[in-house]
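> Below are the structure tokens for one structure; questions will follow.
What follows is calculated from the coordinates using simple rules that are stated; it is not laboratory data. None of the values given here were measured: they were computed from a predicted structure. Backbone-built Cβ (ideal geometry, glycine too); neighbour counts: all protein chains shown.
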Amino acid sequence: MVAYLAKRIVQGLIAIVLVLSVVFLALNLSGDPVRLMLPSTASDVAVQELRQAYGFDRPLAIRYFLFLGRVARLDFGESIGSRRSALAVVTERLLATVQLAFSSLFLASIIGIPLGVFAAIYRARGLDFFAVGVSVIGQSVPVFWIALILILLFGVRWPVLPPSGYGSLKHLILPVVTVSLFLLAGITRVTRTSMVETLDKQYLTTARAKGVKEFNVVAKHAIRNAAIPIVTQLSLQFRFVIGGSVVVETIFGWPGLGQLLAQAATARDYPVVTAAVFLVASFIVLANIFVDFVYTLINPRIAL
Amino acid sequence: MRGPKQASFTEKAKDRYREISSGLANYFSRAFKYRAVAAAHVALLLIIIAAALADFYPLDPFEQDLMGSLNPPEIRNAEGFPGLMGTDPLGRDLAVRILLATRISLVVGGLSVAIACVVGTALGLLAGYLGGIVDAVIMRIVDALLALPFVVLGIAIVAAIGRSFFNIIFVLGFTGWITFAKLVRGQVLSLKEEAFIESARAVGSSVTRILTRHLLPQVGGIVLVTITLTLGQMIISEATLSFLGVGIPPSIPTLGGILNDSQTYLFSAWWIVVFPGLTLMALVLSFNMIGRFLRDYFDPQIDV
């Protein structure tokens, strides 16, 4: 258990360091990062000053190790826009993104999991075709377009909900519905596939043969066994939860990480971009490790 | 290995031709049994033809006409030209811009999938067959890329290397190869204990020969399925980056770029929101339907 946990944490740390290295290399190999940070009209003197201030006059390898050293101390430098600690700027946006992500994951799960289960039970009938349709169409539509269409319908055509903003419950509805619709496709598909496979298993025939009621066959025997692949898939989908939220935020003016990241990228605020990458990657790695623990709760046969 | 008599070149070519044509006939006779799959093939063909012939459309995609700004869709506009999808804020015809943008989507999707497929298949073969340290290194890189949502990594890299046509293709290819690598690796792991690989090794075939002559043909089906399904995802990813303003430069019309502009006109011009999105959906849905069919055609076990 402890050994397994240690292994997962080490793997997670390696993943985070690799991701940050990619961002570091992209920035440093693609030209002069100082030029990227300053407007194109900046004078050569200003460029030189900033270069020395940030240590960009040193060789790449040295800068890389200094960068890793600062990352280890959770120091990502100052935001170029606001002159505050980049990590602080990013952290204060985390809550809004987590709110959006988890509300959406919750909504999508309470609709998608039952939909997938019933589609598998009533295979090749109306409900199943509906579920398959939802999952195929849902995979084919970009999340930002769902957002635009919902605004068009409920913000413009029938103006019942605010098209953007943050604060009240009303503001939460459109963004959460958007991200849920986006997640619904994957959750329904995974649940349905997993249930279809489980329902073919012979131990269910045995259960029926010994007289277990059909409801109990599904509820007690099938769902519990189908849940393991579902949870695995959901943990792999976790990055889509964050990814979907990030895109949707920019449309609804939701003050989360995504909105910040898009602004920082256009403003070339490189410390903020790096800090955001770090925070999101850590969050996803931790969430995936957490899911491994949920496994043991569902299935006592798996001992970590 | 070879027959008693060396077959002549023309005979071999004839055999090959017969093999391919009967394979295609078999494919299409099965594909056209399902109405939705048949429709997807026809739709994709029509979209590709329309996008390829965009230059012959009677209207100029770049000609601005501020008097004709934001015209709603109509069969014939004031000058007697078709205006099926209306005009954009600068008075440019939306239909022809969407055709041109669709072509960009197809080209970007195609090129980035080509990169992802070559890199991912090669790394997947190596990781699966060699195992050990090679496998560990490749899988840690896969982990790292899975620790971030695509948009976050995309925004971070584009923020650093700048937005240009080829940079976007690079970013998409760079993030897309992991799907290929994971699936091919899984397939190779189960194949490499099979007798035909062991006998190849026993007669002294080199690693290169085993990988290219024996394993590569075996993973062809899974790779083809992944290409089709990934194409749709790449097109959505490109649209997402362009929508967020970190994709293809705005001088080139893209579906994501048009949708980004549409945000300002949500309250006055629904057609700029609806038509590019529907095009995107039709395109990606076709690829996904065909991909799902290919998966059943080759091997129903694969779950992409």
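> Using only Cα atoms, find the angle between the long axis of helix A:223-252 and the longest principal axis of chain A, and express it within 0 to 90 degrees, rounded to the nearest 10.
40
> Using only the alpha-carbon atoms, what does the protein assembly as shown span along each of its principal axes? Please give whole angstrom values in decreasing order.
Rounded to whole Å, the extents work out to 75, 68, 66 Å.
> Long-range amide H contacts for B:Leu84: which residues qualify at under 5 Å (H placed 1.01 Å from N, peptide plane, sequence gap of 5 or more or a different chain)?
Residues meeting the criterion, in which the H sits 1.01 Å from N, are B:Glu74.
> Please compare each pair in B:Lys12/B:Lys182; A:Lys201/B:Lys182; A:Lys7/B:Lys182 to a cut-off of 30 Å on the Cα-Cα distance and tell me which ones are over it.
From B:Lys12/B:Lys182; A:Lys201/B:Lys182; A:Lys7/B:Lys182, over 30 Å: B:Lys12/B:Lys182.
> Which FRET efficiency value, to the nearest 0.05, is calculated for B:Ser22 and B:Ser69 with the Förster distance at 45 angstrom and r the Cβ-Cβ distance?
With R0 = 45 Å, the Cβ-Cβ based efficiency is 0.20.
> Based only on other Cβ atoms within 10 Å, what is the fewest-to-most ordering of A:Tyr122, B:Tyr57?
Lowest to highest Cβ neighbour count: A:Tyr122, B:Tyr57.
> While we're looking at this one, here's another question. Filter the DSSP H helices in chain B by two things, a Kyte-Doolittle mean of at least 1.6 and an axial alpha-carbon span of 30 angstrom or more, and list the hits by number.
Both cut-offs are met by B:94-130.
> At B:Ala43 and B:Leu191, where each label point lies 7 Å from the Cα along Cα→Cβ, what is the point-to-point distance in nanometres?
3.2
> In addition: How do A:Asp292, B:Asp15, A:Asp269 line up, fewest other C-beta atoms within 10 Å first? Present the calculation step by step, with values, prior to reporting the outcome.
Numbers: A:Asp292 16, B:Asp15 11, A:Asp269 24.
By the 10 Å Cβ count, ascending, the order reads B:Asp15, A:Asp292, A:Asp269.
> Still on this model: Can you sort B:His41, B:His214 so the residue with the fewest Cβ neighbours within 10 Å comes first?
B:His41, B:His214
> Obtain the nm distance between the two label points defined at A:Ala287 and A:Tyr203 by a simple spin-label model: each point lies 7 Å from its Cα along the Cα-to-C-beta direction.
If labels sit at A:Ala287 and A:Tyr203, their model points lie 3.0 nm apart.
> From the P(r) of region B:103-297, can you give the percent of Cα pairs sitting at distances over 21 Å?
57
> Long-range amide H contacts for A:Glu78: which residues qualify at under 5 Å (H placed 1.01 Å from N, peptide plane, sequence gap of 5 or more or a different chain)?
When sequence neighbours closer than 5 places are left aside, the close amide H contacts are A:Ala86.
> So, in nm, how far is label A:Ala88 from label A:Leu66 when the simple model puts each one 7 Å beyond its Cα toward the Cβ?
2.3
> Give me the Debye-computed log₁₀ of I(q)/I(0) at q = 0.08, 0.13, 0.14 Å⁻¹ for chain A, equal point scatterers on Cα only, no solvent, two decimals.
Summing over Cα pairs of chain A leads to -0.48, -1.03, -1.12.
> Which FRET efficiency value, to the nearest 0.05, do you get for A:Phe106 and B:Lys14 by plugging their Cβ-Cβ distance into 1/(1 + (r/R0)^6) with R0 = 60 Å? Please report the intermediate quantities before stating the final value.
Numbers: r = 62 Å, r/R0 = 1.03.
Once rounded, the FRET efficiency stands at 0.45.
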